[in-house]
Number of protein chains: 2
Amino acid sequence: MEKLIQRVQYANSLLCVGLDPVGDDAQVARRLAEVIDQTHDYAAAFKPNLAFFLSREDGVKLLRETVQRIPESIPVILDGKFGDIANTADHYARFAYDIIGADGVTVNPYMGDDAILPFALPGKMVFVLAKTSNKPAHSLQDVALTRGGSLSDCAARVARKLDEEHGGGIGLVVGATNAEAVGRMRALSPEQWFLVPGVGAQGGDLQATLRAGLRPDGSGLLINTSRVLWQAADAGAAARELVEQINQFRPVAV
Amino acid sequence: MEKLIQRVQYANSLLCVGLDPVGDDAQVARRLAEVIDQTHDYAAAFKPNLAFFLSREDGVKLLRETVQRIPESIPVILDGKFGDIANTADHYARFAYDIIGADGVTVNPYMGDDAILPFALPGKMVFVLAKTSNKPAHSLQDVALTRGGSLSDCAARVARKLDEEHGGGIGLVVGATNAEAVGRMRALSPEQWFLVPGVGAQGGDLQATLRAGLRPDGSGLLINTSRVLWQAADAGAAARELVEQINQFRPVAV
């Protein structure tokens, strides 16, 4: 997480700029460039969502060019929610890191340790889905376990164990739509970084999320916003405003 | 599942030919063409694995050409283990069906119903990961639930409910490495189709898997093999032999 920590300190920002491009091909390339150029001063990280690129002709090329446009000092998390094992996961890691040039990925824990560890390469970040922001996720993630807690707790424990065994680099994805769940995840994982979608368009409450999820050092959360910035008349101003809102609630400047 | 059922009957086969291409670019294109041409008479379905294509330059183009080479009457399942929600899942569905031309996909249930249903479009098949063939999967899938059973049971129940509500088209992925688990999944989902990896290279026992997983009509399983066919001197002969081995244990010819 070195690159991320340096960037968070340098930019004094916990904002992750999500890139979920929609629109026709000519518009999209131009808008991606605009959003990156206008927001990068305020971004702790960028998070392109793989699905929104694959659904276009030449989407992999566009994704690569998008990542190349992002300044080298800012980490890029490829949101692919990869979820396959061992040998197959190695191929996804090669795609994300070597072909696309990402610094990190999101992964799905359903297939266990060997769906996570192949992505935890030196200098790379892995965010494991624990508690996601969509309501229907409750049918699996909230299921109660005989040993206590829910499945999302179990995913968080697996991720923490792997992070400790691996010497860092493994964080969680924790949706902002339920601040209580954010607090619970923080209690289970006091040190790990959380990538937090769901503020803004999905209705998550920023202040409650920060209160529940920030570490005592005022850090440890990456607050992702995609649509709000994509649709803003001035994406730079919107990003700056978000960073200010977030920093207002950070107990200590990092 | 109409296209699959017709194909299974026509070819008298439950063999799914997995395409996990390895090797340098020139070799791979040639070998993919060979494997498809030599095995298609024996194939109930083909299953290209997305990771093995994305990890190459121009992998999406190769995947598309691969799918185009497969005869129209044989269903193609894109093994992407997609696991994202709603709007994002729609983009993956567009990729799999419109850009690649697949007839079905594999999906990950961790994010719940809205990570599954966007793929269940008319005429398309969705195979939901329930019990996978890798050992480390136990850390999540075998976790015991207070309501009884394990997480993989819960995933199977979710998939069955969605299949019933949706009028069909939703099956399961059930690994062959544990025949007892195959039987358990069959008890929970008496009617659904199972896509079954793990026979062969991963050590699953074919006979025990068929005994535990076949429906009384001698059908309902797609037995996937990838490496054995890819590495065979004569992929056609190897596929024919597998089909004969499988059919030996089917109580009734379909």
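What follows draws every value from the coordinates through simple rules; no lab data is involved. Here the structure is a predicted model, which is why all the values come from computation and not from measurement. FYI the Cβ positions are ideal-geometry reconstructions off the backbone, even for glycines, and counts take in every protein chain you see.
Using a label point 7 Å beyond Cα on the Cα-Cβ vector, give me the inter-copy distances for B:A233 in nanometres, one decimal, shortest first.
7.4
Counting alpha carbon pairs within less than 8 Å and at least 6 residues apart, what relative contact order, in whole percent, applies to the stretch A:182-254?
Here the relative contact order equals 35 percent.
Residue by residue, what Karplus-based ³J(HN,Hα) values in Hz, rounded to whole numbers, does the stretch B:85-100 have, using 6.51, -1.76 and 1.60 with θ = phi - 60° and x for Gly and Pro?
Couplings: 9, 6, 3, 5, 4, 4, 5, 5, 4, 4, 4, 5, 8, 7, 7, 8 Hz.
Ignoring solvent entirely, what values of log10 I(q)/I(0) come out of the Debye formula for the stretch B:1-135 at 0.13, 0.21 Å⁻¹ when each Cα is a single scatterer?
Relative scattering, expressed as log10 I(q)/I(0), comes to -0.54, -1.30.
As a check on your grasp of the helix formula, calculate [θ] at 222 nm for chain B: sum -39500 (n - 2.57) over DSSP H runs of n ≥ 4, divide by the residue count, round to the nearest 500.
Calculated mean residue ellipticity at 222 nm is -12000 deg cm²/dmol.
Output wanted: per-residue J couplings in Hz (rounded whole) for the stretch A:16-31, from phi through Karplus 6.51 cos²θ - 1.76 cosθ + 1.60, θ = phi - 60°, x for Gly and Pro.
Calculated HN-Hα couplings, in order: 9, 8, x, 10, 10, x, 10, x, 6, 4, 5, 4, 5, 4, 5, 5 Hz.
How shielded is A:148-158 by partner chains, expressed as the average number of their Cβ atoms within 10 Å of its Cβ atoms?
2
Sort shortest first the distances from B:Q248 to its counterpart in every other copy, using label points 7 Å along the Cα-to-beta-carbon line, and give them in nm.
7.3
Amide H neighbours of B:L221 under 5 Å, at least 5 residues apart or on other chains, H built in the peptide plane: list them.
Under 5 Å from the amide H of B:L221: B:F194, B:R215.
Need one number: nm distance between label points at B:E191 and A:Q248, each 7 Å from Cα along Cα→Cβ, rounded to one decimal.
5.5 nm
What net charge is computed for the residues neighbouring A:G213, neighbours being all others with C-beta under 14 Å from the C-beta of A:G213, Lys and Arg scored +1, Asp and Glu -1? Provide the component values of the computation, followed by the final result.
On the way: positive: A:K131, A:R184, A:R186, A:R211, A:R215, A:R250; negative: A:E180, A:E191, A:D205, A:D217.
Summing Lys/Arg as +1 and Asp/Glu as -1 gives +2.
Amide H of A:A130: which non-local residues (sequence gap of 5 or more, or other chain) have their own amide H closer than 5 Å, using H built in the peptide plane?
It is A:V173, by chain and number.
What is the Cα coordinate range of the stretch A:20-60 on the first, second and third principal axes, sorted by size from largest, in whole angstrom?
30, 18, 13
State, to one decimal in nm, how far the label point of A:D37 lies from the label point of B:D24, with both points 7 Å from Cα in the Cβ direction.
Placing both labels 7 Å beyond Cα along the Cβ direction yields 4.1 nm.
Tell me the Rg and the Dmax, in Å, that the Cα atoms of the stretch B:140-221 produce.
When restricted to the Cα atoms of the stretch B:140-221, Rg and Dmax are 12.6, 36 Å.
If contacts are Cα pairs under 8 angstrom and at least 6 residues apart, what is the relative contact order of chain B in percent?
Across chain B, relative contact order equals 20 percent.
Scattering from the C-alpha atoms of the stretch A:2-248 alone, worked out with Debye: what is log10 I(q)/I(0) at q = 0.15 1/Å?
-1.03
Let me see the P(r) profile for the protein assembly as shown: every Cα-Cα distance counted, bins of 20 Å, each bin given as a percent of all pairs.
Values per bin, smallest distances first: 24, 55, 19, 1.
Counting other beta carbons within 10 Å of each Cβ, put A:R227, B:R147 in order, fewest first.
B:R147, A:R227
If I model a spin label at B:Q6 and A:K135 as a point 7 Å from the Cα along the Cα→Cβ vector, what separation in nanometres do I get?
Each label point is offset 7 Å from its Cα along the Cβ direction, giving 3.9 nm.
Find every distance from the label point of B:V22 to the corresponding label point in the other copies (7 Å from Cα along Cα→Cβ) and write them in nm, one decimal, shortest first.
Computed spacing set for this position: 4.1 nm.
Just tell me how shielded A:69-82 is by partners: mean number of partner chain Cβ atoms within 10 Å of each residue's Cβ, no decimals.
Per-residue shielding by partner chains comes out at 2.
For the stretch A:156-166, what does the Karplus curve 6.51 cos²θ - 1.76 cosθ + 1.60, with θ = phi - 60°, yield as ³J(HN,Hα) per residue in whole Hz, taken in order and with x for Gly and Pro?
Those phi angles translate into 5, 5, 4, 5, 5, 4, 5, 4, 5, 5, 9 Hz.
Can you give me the P(r) profile for the stretch A:109-254? Cα pairs, bins 10 angstrom wide beginning at 0, each as a whole percent.
11, 39, 34, 14, 1, 0
Excluding B:T88 itself, what net charge comes from residues whose Cβ is under 13 Å from its Cβ, given Lys and Arg +1 and Asp and Glu -1?
With Lys, Arg at +1 and Asp, Glu at -1, the neighbours total -1.
Listed highest first by mean packing, meaning other Cβ atoms within 10 Å per residue, what order do B:84-96, A:22-34, A:44-56 come in?
Per-residue Cβ counts within 10 Å, averaged per peptide and sorted highest first, yield A:44-56, B:84-96, A:22-34.
Taking amide H positions as placed 1.01 Å from N in the peptide plane, with prolines and chain starts having none, which residues 5 or more places from A:S55, or on another chain, fall under 5 Å of its amide H?
Hits under the 5 Å cutoff: none.
Given a cut-off of 21 Å, name the pairs among A:K61/B:K124; A:K47/B:K47; A:K81/B:K3; B:K131/B:K161; B:K47/B:K81 whose C-alpha atoms lie farther apart than that in the structure shown.
Long pairs (Cα-Cα over 21 Å): A:K61/B:K124; A:K47/B:K47; A:K81/B:K3.
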